[in-house]
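Structure, as structure tokens:
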Amino acid sequence: IHGCHLALETLLTQLKLTPEDLLVSLGDIVDRGPGTRQVIEMLLEIQQRGQLIFVRGNHEEMMLSAYEGAGWTSSWLAYGGRAALDSYGGGWEKIPNEHIDFLRSSVDYYETDTEVFIHANLKPGLSLDQQPTDYLRWEHLSGDEPQDPRGRRVVCGHTPQRSGVPLILQPENWVAIDTAAHARGWLTGFDVTGNLFHQ
């Protein structure tokens with residue numbers, strides 16, 4: 001999403017979510033676009049009236065690290081963090097605690113019987129609970145990703161498809177839906193139950 005609040009608003013209008021629907025956000029909701037604050041407000045509203053899983057991306061990792069004074073500040077500001085701060089009026093003190101708590105509530109991955117949802121990639125040969133965060137949040141797809149040991153589909157973001165077309169790796173059963181919304185591309189949603197893309 002990368003702070004593209006108008007794209008998110010448009011996509012949510014298309015999706016027409018009900019309280020029974022589960023929305024899985026694949027991370028990188030912050031930075032680059034002009035509306036980090038508005039994006040978080042929309043996702044909080046979904047969480048309050050329905051079901052939301054928020055997978056942490058590398059940009060949330062950088063933002064939280066900068067906020068907590070643990071490093072990454074200059075890198076984060078250079079890679080879109082300045083736009084995130086500007087959406088709040090320019091300073092850390094203007095970010096509501098509820099928004100920071102929301103970022104901290106993000107998870108490393110989410111799995112069902114049929115899908116695995118991650119931000120970036122998986123290190124081959126390791127179970128989900130053993131995955132290093134540098135793979136889960138930072139590693140781009142190589143195009144040679146292994147199948148999930150249980151045959152589940154892996155849905156991820158992070159590796160931008162500047163063509164605007166989601167990447168489907170077969171027979172590996174991976175789907176990458178980052179279509180570069182922050183770089184004048186589409187914001188893509190994927191209905192895993194109906195195998196439908198929404199942009």
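The table below lists the values:
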read-out: Failed item in (1) of a type in the set (Ser, Thr, Tyr); (2) touching a residue at least 12 places away in the same chain (Cβ under 8 Å); (3) open to solvent by 80 Å² or more (accessible area, probe 1.4 Å), with TYR88 passing the rest; value: (3)
read-out: Single residue of region 137-178 satisfying the filter (open to solvent by 40 Å² or more (accessible area, probe 1.4 Å) and of a type in the set (Ser, Thr, Tyr)) that is farthest from LEU122 (Cα to Cα); value: SER163
read-out: Residue list for region 6-25, filter: free of Cβ contacts under 8 Å to residues at least 60 places away in the same chain and not hydroxyl-bearing (Ser, Thr, Tyr); value: LEU6, GLU9, LEU12, LYS16, LEU17, PRO19, GLU20, ASP21, LEU22, LEU23
read-out: Any pair with Cβ under 6 angstrom, 6 or more apart, that starts in region 58-84 at a residue that is over 15 Å from TRP138 (Cβ atoms) and open to solvent by less than 20 Å² (accessible area, probe 1.4 Å) and ends at one that is in a loop (DSSP other than H, G, I, E, B) and not charged (D, E, K, R); value: ALA66/TRP72; ALA84/VAL30
read-out: Residues within region 101-117 that are of a type outside the set (Asp, Glu) and farther than 17 Å from ASP28 by Cβ, tallied; value: 3
read-out: Subset of region 48-57 that is touching a residue at least 12 places away in the same chain (Cβ under 8 Å) and more than 15 Å from the chain's Cα centre (by Cα) - its residue that is least open to solvent (accessible area, probe 1.4 Å); value: GLY50
read-out: Test: residue in region 101-119 that is open to solvent by less than 50 Å² (accessible area, probe 1.4 Å), farther than 30 Å from GLN170 by Cα and in contact (Cβ under 8 Å) with a residue 40 or more places away in the chain; value: yes
read-out: In region 154-191, the residues that are in contact with a Gly (Cβ under 8 Å, 6 or more places away or on another chain), of a type in the set (A, V, I, L, M, F, W, C), within 14 Å of ILE1 (Cβ to Cβ) and without any contact (Cβ under 8 Å) to a residue 60 or more places away in the chain; value: ALA180
read-out: Single match in ILE53, ILE40, ILE46 (criterion: under 24 Å from GLU111 (Cα atoms), aliphatic (A, V, I, L, M) and out of contact with any helix residue (DSSP H, G or I) (no Cβ under 9 Å at 6 or more places or on another chain)); value: ILE53
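The values are calculated or read from the model by the stated rules, or taken from the named source; none is laboratory data. Note that the coordinates shown come from a computational prediction; the quantities given were computed from them, not determined experimentally. Here Cβ is always computed from backbone atoms with ideal geometry, including for glycine, and neighbour counts include all displayed protein chains. What goes into the accessible areas is simple: the full protein's heavy atoms, side chains included, and nothing from ligands, DNA or RNA. Shrake-Rupley method; radii C 1.70, N 1.55, O 1.52, S 1.80 Å.
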